[in-house]
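The values are calculated or read from the model by the stated rules, or taken from the named source; none is laboratory data. This is a predicted model, so every value here is computed, not measured. Please note: Cβ atoms are built from the backbone with ideal geometry, for glycine as well, and neighbour counts cover all protein chains shown. Side chains included, ligands, DNA and RNA excluded: accessible areas come from the protein's heavy atoms. Shrake-Rupley method; radii C 1.70, N 1.55, O 1.52, S 1.80 Å.
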Amino acid sequence: MLDIKTIRDDPELIKRVLLQRLMELDVDRVIALDRERRNLLQEAEELKHKRNQASGEIGRLKKAGEDISGAVRDMKMVAEKINLLDQMLRKLNSDLDDLLIRVPNLPHSDVPVGPDMRAAIIVREEGEKREFDFSPRNHLELGETLGLIDFKRGAKITGSHFALFKGQGALLERALITFMLDQHTLSNGYTEISPPFVSNRESMMGTGQLPMLEEDMYHLRRDDYFLIPTGEVPITNLHRGEVLQESDLPIKYVGYTPCFRREAGSYGKETRGLLRIHQFDKVEMVKLVQPDTSYREHEELLENAEGILKKLELPYRVLMLPTGELSFASAKCYDIEAWAPGQKEWLEVSSVSNFEDFQARRANIRYRDGKGKIHFVHTLNGSGLALPRIVVAILENYQQADGSVIIPEVLRPYMRGLKTFAV
């Protein structure tokens, strides 16, 4: 959530940001409601001051034995006006808050302006794309032929776009999760979290998934809970409503969770196999940091995510997203894409975002500095990594002419020594 002062001071900036982000909101109404609220607050404060003075005057008159009926009548009228103003303020605050939670974050000055990925900046490309002396298969054919993935039975159990890993495929999923958690905790200094996979509405509001993305969420209506769309939600909300100490920062958490998304906005996009499914596994990194170290921590977070791909020896590239592709809460975001030769395309496997104080304001996560002053933290997160497309990249990059797939060396200790998936 943006500070209302930011909107009040430069409404034209907010209008430009909304255009850049392809979003609509009545900024003029926000300004008008804020102005009306401040006027009512001033009027209410003046009346409360008048009431306090009248109360003192009544006490003086009563002590002097004089008639207080007129003063009591006047004070009662003031009290009724205060009560009416308080009711109006509650309604105004509710209306204003409903608009403010729909204002997206301001893009960082580095972020390229553009409506879609054509405006993204390719920051770097790492690793070499493999040259094949045969026509590479895609992950659907490899996964089913090798008995690693069963899409038909996954659909039978639940519905379309749910995958079922089995045998060595299930072992691969577990190996990747454990390898990534080990890398981030043992080498990168993160504390592992195993959070609930269901969140309340307050948590979803805190990280910015609600109210804008509610149609993409799986909602448990009876309890007003949500299946989490990402580990970012429960892990960031660990400190919702808390005041941390400056010495606590930076806080670095990592956790594995399944993620659940309706993908309501994905129609027309590639949805075959593991490319776009409703439930998938992900290892998520979250940081809570001081504002002045925020962007240095962002680059380190990106480096941590890239480190997984380097150890898996998968070719990848890093892109800086343009304004039209930023998430609602993000100020700056890098996407990491792994090369999938069977698909002949780059696949997003991680988004690494800096939210500055946007989520912290919504979730009220603050810290006290050495002088006792309270500030909002900056929050960051990044996939470290998302598993389905990593599985795609492994199967397609490590496939052999005979239909077998070599297991990346770094995963073999987690795969009971298995070196190859073979028919």
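Restricting to region 404-423, name every residue that is open to solvent by less than 10 Å² (accessible area, probe 1.4 Å) and farther than 17 Å from G167 by Cα. Listed by number, the list holds a single entry, P408.
Take the residues of region 208-225 that are more than 22 Å from V103 (Cα to Cα) and free of Cβ contacts under 8 Å to residues at least 40 places away in the same chain: which is most open to solvent (accessible area, probe 1.4 Å)? Filtering first and then ranking leaves R222.
Would you say V349 is in contact with a helix residue (DSSP H, G or I) (Cβ under 6 Å, 6 or more places away or on another chain), farther than 29 Å from N138 by Cβ, in a strand (DSSP E or B) and open to solvent by less than 20 Å² (accessible area, probe 1.4 Å)? No, not satisfied. Taking region 372-384, which residues are surrounded by 16 or more Cβ atoms within 10 Å (Cβ to Cβ) and farther than 26 Å from V254 by Cβ? Residues satisfying the conditions do not exist here.
Residue by residue, here is whether (1) charged (D, E, K, R); (2) open to solvent by 20 Å² or more (accessible area, probe 1.4 Å); (3) touching a Cys at 6+ places or on another chain (Cβ under 6 Å); (4) over 19 Å from I235 (Cβ atoms) holds:
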position: G370; (1), (2), (3), (4): no, yes, no, yes
position: A386; (1), (2), (3), (4): no, no, no, no
position: I390; (1), (2), (3), (4): no, no, no, yes
position: L395; (1), (2), (3), (4): no, no, no, yes
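Residues that are open to solvent by 20 Å² or more (accessible area, probe 1.4 Å) and under 14 Å from the mean Cα position of the chain (by Cα) were ranked within region 254-266; the one that is farthest from E284 (Cα to Cα) is R261. Taken together, the residues in region 214-244 that are outside any strand (DSSP E or B), of a type outside the set (S, T, N, Q) and out of contact with any Asp or Glu (no Cβ under 8 Å at 6 or more places or on another chain) amount to 14.
Among the residues making up region 14-49, those that are in contact (Cβ under 8 Å) with a residue 12 or more places away in the chain, farther than 21 Å from Q209 by Cα and open to solvent by 50 Å² or more (accessible area, probe 1.4 Å) are K15, D28, R29, E36, L41, E43, K48. Quick one: would you say R8 is among the basic types (K, R) and open to solvent by less than 80 Å² (accessible area, probe 1.4 Å)? So R8 fits the description; yes. Remark: pairs (first residue in region 270-292, over 20 Å from F226 (Cβ atoms); second residue surrounded by 16 or more Cβ atoms within 10 Å (Cβ to Cβ) and among the polar types (S, T, N, Q); Cβ separation under 6 Å; 6+ apart in sequence or on different chains) = L288/T379. Of the residues making up region 165-181, at least one is of a type outside the set (D, E), part of a loop (DSSP other than H, G, I, E, B) and over 12 Å from Y256 (Cβ atoms). For region 186-213, a tally of residues being touching a strand residue (DSSP E or B) at 6+ places or on another chain (Cβ under 7 Å), hydroxyl-bearing (S, T, Y) and not in a strand (DSSP E or B) returns 2.
Conditions tested, residue by residue: (1) over 16 Å from the mean Cα position of the chain (by Cα); (2) open to solvent by 30 Å² or more (accessible area, probe 1.4 Å); (3) within 23 Å of L238 (Cβ to Cβ); (4) basic (K, R).
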position: L288; (1), (2), (3), (4): no, no, yes, no
position: D292; (1), (2), (3), (4): yes, yes, yes, no
position: G307; (1), (2), (3), (4): yes, no, no, no
position: K310; (1), (2), (3), (4): yes, yes, no, yes
position: A331; (1), (2), (3), (4): no, no, yes, no
position: E345; (1), (2), (3), (4): yes, yes, no, no
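Whenever a residue of region 71-100 is in contact (Cβ under 8 Å) with a residue 60 or more places away in the chain, its partners that are surrounded by 11 or more Cβ atoms within 10 Å (Cβ to Cβ) and of a type in the set (D, E), lying with C-beta atoms within less than 7 angstrom and at least six residues away or across chains, give the pairs L96/D34. Checking the stated criteria, S199 turns out to be among the hydroxyl-bearing types (S, T, Y), without any contact (Cβ under 8 Å) to a residue 60 or more places away in the chain and open to solvent by less than 50 Å² (accessible area, probe 1.4 Å).
Take E306 and decide whether it is at pLDDT 95 or above and in a helix (DSSP H, G or I). In short, yes.
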